[in-house]
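Written out below as structure tokens is the structure these notes cover.
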């Protein structure tokens, strides 16, 4: 039998009154469960005498609202509404708890809108930079169907999985990006600072430079004279590209298609896009959002223009009375497994559950692909860096070998 431990907690009751106290339980999860059984909503809980504090609160400093912030916001919101706390009381507690200034302002404005008679989903929709369209659609379905707490729980689960997936992808891509960046800085430093020193020394020694060294010296001179212009051009070009991706659907579609065709990374990006599509669509259908509206939301929130275009085509097919699975076959991004499982889900009336299974499958595929990518690309990046730096060193010292041979021959 596990030993009983003592936990300190802060909580709020159904009337919004703050309380604090202690409770004995074998684990923190058991303590939370006991409190909820007593009708107490825990805001924070920590083992007595422990410095490891784990709070049920919206984390982070002031600034941009992340998926993790929204997941914890939705989870805490669901806990409060399920315990019988009124909507306004729950929002007041959430506003008081969050430390993110942008989210705090959005919650405050939402409370004001609701006091004026606006529905929760409509009030949240006015803050589209904070609350994604997917979240607003699910809350609207929960309001309409009378299961707001369940919708909020599904939002929290969806955002938590998405945040975990994004963290995994960033972890896989961080190493190659860092190595490439370091290699670029090293090459630039050698060309700007080291090569000119060797060039002056070569001129003093006389003689003709070997072709590889002449190429390196030419690259150094070009970078020294045109470096600032290249830097400014790169910054301006990046800004224009980012603006174009936001304003030009055709450019965004072309870039996303290019990403899916990239060697090694293309398959990873495709799995991410399909998994996110399945997760979002399954979640929306699971809370009762109509198919046409769900496809519209998924197209706007999937983050990939290729999938967004497929959603528009699917809307046309569904409107014409065709099954959704038949529309998938017109787009190469959807594997045969997705088509078959969707067809089974449609025939059995369990489309939402099938899409959730598809999403779980692709999440595991992305995890495996990310681990494999990290393991395989690490030696390649080290080899690439060694080849580049080694080639530059050889180019710099090649004239010295030539001069030494000429001196030896003269003797």
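The values are calculated or read from the model by the stated rules, or taken from the named source; none is laboratory data. Predicted model only: the values in this text are computed from it and were never measured. Here the Cβ positions follow ideal geometry from the backbone for every residue, glycine too, while neighbour counts run over all protein chains shown.
Specify which of the listed residues (297, 289) is in contact with a helix residue (DSSP H, G or I) (Cβ under 9 Å, 6 or more places away or on another chain) and outside any helix (DSSP H, G or I). I'd like the intermediate steps shown before the answer.
On the way: 297 fails: outside any helix (DSSP H, G or I).
It is 289.
Limited to segment 392-411, what total is found for residues that are at pLDDT below 75 and in a helix (DSSP H, G or I)?
The qualifying residues number 9.
Residues in segment 243-250: is at least one in a helix (DSSP H, G or I), over 26 Å from residue 396 (Cα atoms) and in contact (Cβ under 8 Å) with a residue 24 or more places away in the chain?
First, the residues of segment 243-250 that are in a helix (DSSP H, G or I): 243-247, 249-250.
Filter once more, keeping what is over 26 Å from residue 396 (Cα atoms): 243-247, 249-250.
Then keep just the ones that are in contact (Cβ under 8 Å) with a residue 24 or more places away in the chain; that gives 249.
Within segment 243-250, one or more residues are in a helix (DSSP H, G or I), over 26 Å from residue 396 (Cα atoms) and in contact (Cβ under 8 Å) with a residue 24 or more places away in the chain.
Among the residues examined, residue 194 qualifies as in a helix (DSSP H, G or I), farther than 30 Å from residue 259 by Cβ and touching a residue at least 24 places away in the same chain (Cβ under 8 Å). Condition check for residue 271 on (1) in contact with a helix residue (DSSP H, G or I) (Cβ under 8 Å, 6 or more places away or on another chain); (2) exposed (fewer than 15 other Cβ atoms within 10 Å of the Cβ): one failure, at (2).
Can you tell which of 219, 122 is in contact with a helix residue (DSSP H, G or I) (Cβ under 8 Å, 6 or more places away or on another chain), modelled with pLDDT of 90 or more, in a helix (DSSP H, G or I) and surrounded by fewer than 18 Cβ atoms within 10 Å (Cβ to Cβ)?
Values: 219 fails: modelled with pLDDT of 90 or more.
Residue meeting the stated conditions: 122.
Residue count for segment 82-92, restricted to those that are buried (at least 20 other Cβ atoms within 10 Å of the Cβ) and either on the phi > 0 side of the Ramachandran plot or touching a helix residue (DSSP H, G or I) at 6+ places or on another chain (Cβ under 7 Å) (or both): 2.
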